[in-house]
1. Restricting to the stretch 170-224, what's the tally of residues that are under 21 Å from the mean Cα position of the chain (by Cα) and modelled with pLDDT under 85?
2. Just to verify a result, which residue in the stretch 25-45, among those that are out of contact with any helix residue (DSSP H, G or I) (no Cβ under 7 Å at 6 or more places or on another chain) and surrounded by fewer than 22 Cβ atoms within 10 Å (Cβ to Cβ), is farthest from residue 218 (Cα to Cα)?
3. Among the candidates 69, 76, which residue alone is within 15 Å of the chain's Cα centre (by Cα) and over 24 Å from residue 167 (Cα atoms)?
4. Out of (1) outside any helix (DSSP H, G or I); (2) farther than 29 Å from residue 276 by Cα; (3) modelled with pLDDT of 80 or more, the odd one out for residue 112 is which?
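The values are calculated or read from the model by the stated rules, or taken from the named source; none is laboratory data. From a predicted model like this one, the values you see are computed outputs, not experimental measurements. Heads up, the Cβs are rebuilt from the backbone with ideal geometry, glycines too, and the neighbour counts pull from every protein chain shown.
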């Protein structure tokens with residue numbers, strides 16, 4: 001199920017990005033953040049009222065760190081997307097799995113835990129597929145902006161680690177996303193006050209549909225991502241994040257008329273192969289662990 005949650009998360013994030021791209025010309029950056037989070041917050045709040053579940057938590061500080069890191073990452077990413085080519089911005093944002101692999105490898109080495117080099121290799125190969133699909137380039141004079149983009153990958157990694165910590169604390173996914181969307185809604189609203197357009201809704205089908213798509217797809221993506229990163233192999237979740245690039249390429253071809261080059265097709269195949277290998281590797285390890293546990297029980301008896 002961890003693989004399913006991460007693949008669904010990648011699909012919904014791709015649909016959210018398409019909706020954002022569709023409405024980017026009509027709204028400012030902070031307004032998009034406001035509606036992305038606001039629509040999701042309203043949906044979760046209504047669901048919580050209908051089911052009478054409480055958003056109260058005993059882990060407010062961990063939620064705050066997750067919300068602050070996640071919202072900062074969104075704001076910086078939207079900023080670099082306006083300064084760099086779309087392909088470069090997407091690539092820099094998806095360096096997060098590489099930083100996650102480095103972090104997990106370093107921690108495992110320090111604590112003398114076994115390192116799963118097969119999963120680390122799957123992440124490296126998956127990122128190679130991303131480079132083939134997007135073929136990024138950094139324009140002259142944009143190195144500082146590119147450095148900010150790399151910071152997005154680091155901040156995103158830190159946010160995912162907080163998601164994992166909340167999972168270990170048995171916080172339900174809906175509550176994690178509830179506070180994230182609440183934080184983002186307030187942040188986006190305050191920021192939108194500095195933009196000429198404010199938070200006004202463009203009264204056209206595209207203007208409304210783009211906001212609803214950004215908000216609802218973003219909500220579904222965050223819930224699935226929280227479930228994916230909340231338990232299981234954190235490296236598997238990282239490897240499957242690259243699937244969003246493959247989904248985005250297909251969506252761009254279908255809805256925006258972009259052509260998929262032969263190199264991009266090869267890159268999509270590499271991403272799929274890397275994700276499949278990571279899932280297969282994790283499944284094999286789980287079966288091995290269960291088998292060893294079963295043998296231990298038999299021997300004990």
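1. Filtering the stretch 170-224 down to residues under 21 Å from the mean Cα position of the chain (by Cα) leaves 170-188, 210-224.
Cutting the leftovers down to modelled with pLDDT under 85 gives us none.
So the answer is 0.
2. So the residue we want is 25.
3. None of the other options fit; the residue is 76.
4. (2)
Every residue, every condition in (1) crowded, with 22+ Cβ neighbours inside 10 Å; (2) within 17 Å of the chain's Cα centre (by Cα); (3) farther than 19 Å from residue 153 by Cα; (4) at pLDDT below 80, yes or no:
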residue: 227; (1), (2), (3), (4): yes, yes, yes, no
residue: 232; (1), (2), (3), (4): no, yes, yes, yes
residue: 238; (1), (2), (3), (4): yes, yes, no, yes
residue: 242; (1), (2), (3), (4): yes, yes, no, yes
residue: 247; (1), (2), (3), (4): no, yes, yes, no
residue: 258; (1), (2), (3), (4): no, no, yes, yes
residue: 267; (1), (2), (3), (4): yes, no, yes, no
residue: 278; (1), (2), (3), (4): yes, no, yes, yes
residue: 286; (1), (2), (3), (4): no, no, yes, yes
